[in-house]
Amino acid sequence: MSPGKAAFDGVSLVPLMKKQQIKDRMFVVQYGGRQRPVKYDAAVVWKQWRLQNGKELYDIIKDRAQNTDVAAQFPKSPDG
């Protein structure tokens with residue numbers, strides 16, 4: 001495929017580097033170098049939240065070191 005016809009599914013970070021806003025996005029971090037992924041062996045980061053191992057929830061704005069699991073305080077999605 002020629003470079004001019006390549007299709008990308010990501011979002012450009014150029015506006016962020018220019019100190020402009022970018023569209024809200026969520027990302028997943030898969031742990032380990034296994035050939036087959038293991039369920040919940042990952043973290044999902046969205047807005048101020050990091051869900052780790054499918055059960056631990058951290059407010060990464062208030063607790064950058066992620067020392068306090070707040071999952072019990074938010075039994076449902078923090079955004080409702």
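The values are calculated or read from the model by the stated rules, or taken from the named source; none is laboratory data. Since this is a predicted model, take the numbers as computed values, not measurements. As a convention, Cβ positions derive from the backbone with ideal geometry for all residues, glycine included, and neighbour counts pool all protein chains shown. Quick note on the areas: whole protein, heavy atoms, side chains included, nothing else; ligands and nucleic acids left out. Shrake-Rupley method; radii C 1.70, N 1.55, O 1.52, S 1.80 Å.
Pairs linking a residue in the stretch 9-36 that is closer than 18 Å to K47 by Cα to a residue that is surrounded by 10 or more Cβ atoms within 10 Å (Cβ to Cβ) and of a type in the set (K, R), with Cβ atoms under 8 Å and 6 or more positions apart or on different chains, are V11/R25; D24/K47. If you check Q30, Q48 for being surrounded by 11 or more Cβ atoms within 10 Å (Cβ to Cβ) and within 16 Å of D69 (Cα to Cα), only one passes: Q48. Working only within the stretch 1-27, note down all residues that are in a loop (DSSP other than H, G, I, E, B), of a type in the set (A, V, I, L, M, F, W, C) and open to solvent by less than 70 Å² (accessible area, probe 1.4 Å). The answer is A6, I22.
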